[in-house]
Amino acid sequence: MRLRRLGRTGLKVSSIALGTMQFGWTADEAASRAVLDAYVEAGGNFIDTADIYSNWAEGNPGGVSEEIIGRWLEGRRREDLVIATKVRGDMGGPLRQGLSKRWILQACEESLERLGVDYVDLYQVHWPDLETPVEETLEALTDLVRAGMVRYIGASNFPAWRLTEALWKADKHSFARFDSLQPEFSIAAPVRANFERELAILCETHGVGVIPYSPLAGGFLTGKYRRGQDLPDSVRAGGIAKRFFSEQNFDVVEKLVEIADARGAKPAQVALAWLLAKPYVTAPIVGANSVEQLRELMPAADLDLTPEEVAALDTASDWPRARTDV
């Protein structure tokens with residue numbers, strides 16, 4: 001699998017990142033370890049988790065995904081892997097959440113303990129915290145970088161104005177700066193427009209590497225959802241239908257299927273390859289409950305779409321833009 005530079009840093013990561021939200025939720029520890037093994041065997045090195053994963057599941061207080069990864073890491077060469085985690089969500093009350101300096105420093109120590117490592121390569125703030133000054137958050141993250149507990153920092157789910165503010169304050173005060181952004185981004189509407197309207201040019205201009213989550217729109221872009229056909233047997237199908245069923249999105253799926261059939265690929269692989277064709281995208285994040293699911297997605301890393309294929313997908317999924325000639 002090819003490696004890509006994360007933003008303007010020297011950090012090299014695989015072009016497909018492994019998301020681990022499902023570990024300890026829809027994938028038990030044995031299945032999670034099998035997926036991790038298969039990912040590394042396929043050439044992957046970029047593992048993304050978060051402290052809260054997955055505290056919405058019954059009996060899961062948060063931290064379970066990190067703990068599973070930590071046990072899996074035992075006996076492995078730490079330097080061969082890029083480990084990313086996040087801070088911000090509720091880990092047990094009002095003093096165990098947010099982006100205050102107090103909580104960030106404590107949360108990082110707890111994540112390192114669960115992961116069984118001395119440092120994480122990428123420490124990300126999961127969501128903005130508008131009750132905490134961005135300077136305080138950046139100061140805490142900078143302290144972690146200087147202490148060697150964190151190599152690089154990133155943001156997730158930040159709107160363009162907040163990311164711009166953070167980049168400016170980092171430059172003004174000589175803080176560590178966000179080198180990555182983890183947004184929801186896929187070819188599906190309205191997600192594509194939500195990201196491209198402001199964030200795409202901001203990240204490309206300032207060298208912020210983009211690590212898209214939900215790159216397959218919850219499974220809508222896999223080809224399992226087709227115009228005029230019954231919903232697949234899935235507990236998520238109703239929500240996916242409500243959010244993504246539109247004439248334009250069905251046109252996108254048809255174009256994905258057309259290109260996939262012509263290339264001997266899967267529609268999901270083409271959807272991921274479309275993201276990888278964007279100059280600001282470092283690595284889309286994929287999740288898998290089984291080795292079989294993972295193996296169906298990994299070939300996207302080596303699928304180079306032609307300019308004509310990218311243009312066809314761009315046209316099918318395009319969104320209204322403001323005129324600039326008036």
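Nothing in this text is a laboratory measurement; each read-out follows from the coordinates by a stated rule. These numbers were taken from a predicted model, which means no experiment stands behind them. Note: ideal-geometry Cβ built from the backbone for every residue, glycine included; neighbour counts use all protein chains shown.
Just order 274-283, 139-148 by mean Cβ neighbour count inside 10 Å, highest at the front, would you?
Ranked by mean Cβ neighbours within 10 Å, highest first: 274-283, 139-148.
Quick one: net charge around GLY207, please, counting Lys, Arg +1 and Asp, Glu -1 for every other residue with C-beta under 9 Å from its C-beta.
-1
Shape call for the range 1-147 from the C-alpha gyration tensor, a ≥ b ≥ c root eigenvalues: rounded (a/c under 1.5), prolate (a/b greater than b/c) or oblate?
Verdict is oblate for the range 1-147.
Whole-Hz ³J(HN,Hα) for each residue in the range 219-235, computed from phi via Karplus 6.51 cos²θ - 1.76 cosθ + 1.60 with θ = phi - 60°, x for glycine and proline: what do you get?
For the range 219-235, the Karplus curve yields x, 4, 8, 7, x, 7, 10, 10, 4, x, 9, 5, 5, x, 6, 8, 5 Hz.
Mind checking which of LEU11, VAL87, PHE46 is farthest towards the positive end of the range 1-95's charge dipole, using Cβ charges of +1 (Lys, Arg) and -1 (Asp, Glu) about the Cα centre?
Farthest towards the positive pole: LEU11.
Nearest 10 degrees, 0 to 90: what angle lies between the long axis of helix 160-173 and the longest principal axis of the chain (Cα atoms)?
40 degrees
Under a Cβ-Cβ cut-off of 12 Å, what is the net charge of the residues other than ARG71 that fall near it, where Lys and Arg count +1 and Asp and Glu count -1?
Local charge sum for ARG71: -1.
So for each of 290-299, 202-211 I average, over its residues, the number of other beta carbons within 10 Å; can you give me the resulting order with the highest mean first?
For the peptides 290-299, 202-211, the packing ranking is 202-211, 290-299.
Could you name the lysines whose alpha carbon sits less than 19 Å from that of LYS242, not counting residues in the same chain fewer than 8 places away?
LYS224
Whole-Hz Karplus ³J(HN,Hα) for the range 273-280, in order, using 6.51 cos²θ - 1.76 cosθ + 1.60 and θ = phi - 60°, x for Gly and Pro?
Those phi angles translate into 5, 4, 4, 5, 7, 7, x, 8 Hz.
In percent, how large is the relative contact order of the range 3-182, given Cα pairs closer than 8 Å and 6 or more residues apart?
Relative contact order comes out at 17 percent.
Give the angle, between 0 and 90 degrees and rounded to the nearest 10, that separates the Cα long axis of helix 307-316 from the longest principal axis of the Cα atoms of the chain.
Relative to the chain, helix 307-316 is tipped by roughly 90 degrees.
Using packing as a proxy for protection, rank 13-20, 67-74, 212-219, 233-240 so that the peptide with the highest average count of other Cβ atoms within 10 Å comes first.
Ranking the peptides 13-20, 67-74, 212-219, 233-240 by packing returns 13-20, 212-219, 67-74, 233-240.
Tabulate in residue order the Karplus-calculated ³J(HN,Hα) for the range 92-108, using 6.51 cos²θ - 1.76 cosθ + 1.60 with θ = phi - 60°, rounded to whole Hz; enter x for Gly and Pro.
x, x, x, 8, 10, 6, x, 10, 6, 4, 4, 6, 4, 5, 6, 5, 5
Compute the signed sum of charges (Lys and Arg +1, Asp and Glu -1) over the other residues within less than 14 Å, Cβ to Cβ, of ARG236.
+2
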